[in-house]
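The values are calculated or read from the model by the stated rules, or taken from the named source; none is laboratory data. Every value quoted in this text rests on a predicted model; they were computed, and no experiment measured them. Counting neighbours? That spans all protein chains shown, and the Cβs are built from the backbone with ideal geometry, glycine included. To get the accessible areas, we keep the full protein, side chains included, count just its heavy atoms, and leave off ligands, DNA and RNA. Shrake-Rupley method; radii C 1.70, N 1.55, O 1.52, S 1.80 Å.
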Amino acid sequence: MKIDVHFGVFPRGTPLPVDNSYMVYSAISRVIPAIHEDEDIGIFPIAGIQTGDRKMILTPESRLTIRLDAERIPMILPLAGKSLGLGQTFMQIGVPTVHALSPSETLRSRLVTIKGFMEEDGFITAVQRQLELNHLSPDVIVKPGKRRTLCIHDKNVVGFELYLGNLNENDSIRIQETGIGGRRKMGCGLFLPSICDFSECSIVSDREGV
């Protein structure tokens with residue numbers, strides 16, 4: 001069973017980049033090297049208030065959130081109290097709290113990346129294939145959002161914001177646990193409950209040949 005662990009974060013320096021997923025993963029890896037080898041952990045990007053020039057400042061609501069199996073919690077506890085270096089600034093990590101995943105009829109991922117699929121039509125087909133492999137209901141609605149990029153070692157990886165709708169409780173939890181696409185430790189393919197207007201979307205009702 002997967003859960004989310006939230007750590008409070010406190011700034012100690014200049015604003016952070018909005019695209020901070022890879023930086024956060026790298027900083028955590030320096031404290032917990034075992035993260036490198038664990039392919040079943042998701043690390044959400046840290047959110048804040050944008051200040052322009054693709055920078056942001058942390059707020060009292062900003063969190064470092066890690067999604068992992070409940071029995072793996074001891075592995076990430078050493079993060080509490082640490083100071084993580086992110087570029088030109090530092091971030092103090094607070095005390096963790098544990099949160100169960102909540103089922104929702106609609107889920108959103110800020111960025112989903114699937115290797116080899118950088119155009120919307122092919123991307124949707126690849127998403128549908130993964131839904132089929134996860135044995136989700138054929139009534140799930142798929143809606144891509146903004147085209148986004150993730151910077152890794154000065155290279156931009158292309159993907160899309162993604163909404164899934166008409167989910168039953170079991171499918172909603174399954175998608176939150178498994179995700180879609182790759183680069184989960186860099187914030188990609190991780191889903192949270194959301195709201196979306198699906199009035200112009202087609203229902204994925206026939207995946208034969210996908």
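So the values come out like this:
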read-out	value
Net charge of neighbours whose Cβ lies under 14 Å from the Cβ of H153, counting Lys and Arg as +1 and Asp and Glu as -1	0
Surface share of carbon and sulfur [accessible, 1.4 angstrom probe, percent] for the chain	52
CD proxy at 222 nm, helix term only [per DSSP H run n ≥ 4: -39500 (n - 2.57); per residue of the chain; nearest 500]	-5500 deg cm²/dmol
Helix 120-133 vs. the chain, principal-axis angle (Cα, 0 to 90°, nearest 10)	90
Kirkwood Rh in Å, taken over all unlike Cα pairs in region 62-110	13.2
Accessible solvent surface per residue of the chain, calculated while the other protein chains remain in place, 1.4 angstrom probe, Å²	51
Area of E71 that stays accessible when all protein chains are in place (1.4 Å probe, Å², to 10)	130
Cβ crowding within 10 Å averaged over residues, with 78-87, 51-60, 176-185 ranked highest first	176-185, 78-87, 51-60
Two-site FRET efficiency, Q92 against T149, from Cβ-Cβ distance with R₀ of 25 Å, rounded to 0.05	0.30
Which label in (i) 0.98; (ii) 1.03; (iii) 1.19 gives the computed Cα Rg over 2.2 N^0.38 Å	(ii)
About the Cα centre, charge dipole magnitude for the chain (Lys/Arg +1, Asp/Glu -1 at Cβ), debye	960
Over 13 Å [Cα-Cα, region 121-178], rounded percent	65
Degrees separating the helix 21-31 axis from the principal Cα axis of the chain, which is the longest one	50
Amide H contacts of V9 (H built 1.01 Å from N, under 5 Å, at least 5 apart or other chain)	L64, G94
R129 versus V158: modelled label distance in nm, points set 7 Å from Cα along the beta carbon direction	1.7
Where H36, H6, H153 fall by accessible area, highest first, once all protein chains stay in place (1.4 Å)	H153, H36, H6
Extension gain from R12 to S29, taking 0.36 nm per residue of separation minus the Cα-Cα distance	4.2 nm
Charge context of I41, other residues only, Cβ under 13 angstrom, K/R +1, D/E -1	-2
With Cα atoms, 0 to 90° folded angle of helix 169-178 axis to the chain main axis	50
Rounded Å value of the spacing that divides the Cα centres of region 74-112 and region 33-50	7
